[in-house]
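A.B. asks: Just passing along the structure, written as structure tokens.
Derivation of every value follows stated rules applied to the coordinates shown; laboratory data play no part. Predicted model only: the values in this text are computed from it and were never measured. Ideal geometry is used to build each Cβ from the backbone, glycine not excepted, and the neighbour counts take in all protein chains shown.
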Amino acid sequence: MSAERIALITGANKGIGFEIARQLGEQGAAVLVGARDEVRGKAAAGSLADRGITAVPLLIDVTDPVSATEAAAWIERRHGRLDVLVNNAGIAGGFSGPPSAATAGDLREVYETNVFGVVSVTNAMLPLLRRSGAGRIVNMSSHVGSLTLGTDPDSPVANVSMLAYQSSKTALNALTVLYAKELEGTPVKVNLANPGPVATDLNQHRGHLTPAEGAAIAVRLALLDDSGPSGASLAENGTVPW
């Protein structure tokens, strides 16, 4: 069994996920570059390896529970445990109209990745995380998932209307709280990272933060010591309200 921290990041072939993998790798972690596209995953892992990081591509489609189970079995055989899981894979979906124009299918498309996928991957990896002396689960949320900010007319996200994406992140927040409660008293901590307005493919590169800046809070939560929180929703500048 390897001694260094073993970290799986889903959707790690680009954007914030790639930066999380890079920064964790620079902190000495062996990073498993989770990607549903095998070619892109290998290219991303190769790019990290070229920087001196221990990086291995791992094929995982978060919308496919069988894929998650197979990825967990691979980690079991290779490492015997998992120290960090960053549930980073996420999509915005194709729907951008008012709530009254949405269909259940519009929401289902996004929830398959952003909500159901997190449950499938987390549950598949949890036995491995429980074997870690300091297991860490980081779920990538968003300020637009905050009901408090969404109902505050003075909030910068008050006028955002992305029914599927926003509600999926609100659901993810609730999931995180419940996992944290279940794992209370164990070495596994579960928290939400809110990267802020990062320029990525998801928002057509409209954010003013870089992926490296957005990754910082996730990396901090992935490396929490035993005194750190669990069940928290955090951004680089502090707590994000529910």
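A.B. asks: List every residue whose amide H lies under 5 Å from the amide H of Val86, counting only residues 5 or more places away in sequence or on a different chain, with H placed 1.01 Å from N in the peptide plane.
C.D. replies: When sequence neighbours closer than 5 places are left aside, the close amide H contacts are Leu8, Ile9, Thr10, Val138.
A.B. asks: Hey, another quick one. So for each of 102-110, 182-190 I average, over its residues, the number of other beta carbons within 10 Å; can you give me the resulting order with the highest mean first?
C.D. replies: Packing order, densest peptide first, comes out as 182-190, 102-110.
A.B. asks: In whole angstrom, note down how far apart the Cα centers of region 106-130 and region 1-70 are.
C.D. replies: That distance is 17 Å.
A.B. asks: Please work out the ratio of the alpha-carbon Rg of the chain to 2.2 N^0.38 Å and round it to two decimals.
C.D. replies: 0.95
A.B. asks: Separate question: Relative contact order for the chain: what is it in percent, counting Cα pairs under 8 Å that are at least 6 residues apart?
C.D. replies: Dividing the mean separation by the residue count of the chain yields 19 percent.
A.B. asks: Right, something else. Run the reach check for Lys14 against lysines, Cα to Cα strictly under 18 Å, same-chain hits fewer than 8 apart removed. What comes back?
C.D. replies: Counting by Cα, and skipping residues close in sequence, Lys14 has these lysines nearby: Lys42.
A.B. asks: What percentages, rounded to whole numbers, describe P(r) for region 39-117 computed over all alpha carbon pairs with 10 Å bin width beginning at zero?
C.D. replies: Calculated over all Cα pairs of region 39-117, the distribution is 16, 35, 29, 15, 5, 0 percent.
A.B. asks: Give the aspartates and glutamates whose C-alpha is closer than 12 Å to that of Lys189, dropping any in the same chain fewer than 8 places away, or say none.
C.D. replies: Straight-line reach from Lys189, under 12 Å: Asp83, Asp225, Asp226.
A.B. asks: Let me ask something else about it. Kirkwood hydrodynamic radius for region 99-163: how many Å is it when counted over pairs of different Cα atoms?
C.D. replies: After inverting the pairwise mean of 1/r, the radius is 14.5 Å.
A.B. asks: A follow-up question, please. Quick one: pull the percentage of alpha-carbon pairs in region 7-63 with a separation above 18 Å.
C.D. replies: 15
A.B. asks: Pull up the DSSP beta bridges for the chain and report the antiparallel fraction as a percent, rounded to 5.
C.D. replies: Restricted to the chain, the bridges split so that about 10 percent are antiparallel.
A.B. asks: Let me ask you something else. How much length is gained on full extension from Arg220 to Leu147, taking 0.36 nm per residue of separation minus their Cα-Cα distance?
C.D. replies: The Arg220-Leu147 span can extend by a further 23.8 nm.
A.B. asks: Let me ask you something else. Take each of the peptides 60-67, 191-198, average the number of other beta-carbon atoms within 10 Å over its residues, and list them starting from the highest.
C.D. replies: The packing order, highest mean first, is 191-198, 60-67.
A.B. asks: For Val39 paired with Thr69, estimate the spin-label separation in nm (one decimal), with each label point 7 Å from Cα along the Cα-to-Cβ line.
C.D. replies: Computed distance between label sites Val39 and Thr69 equals 3.0 nm.
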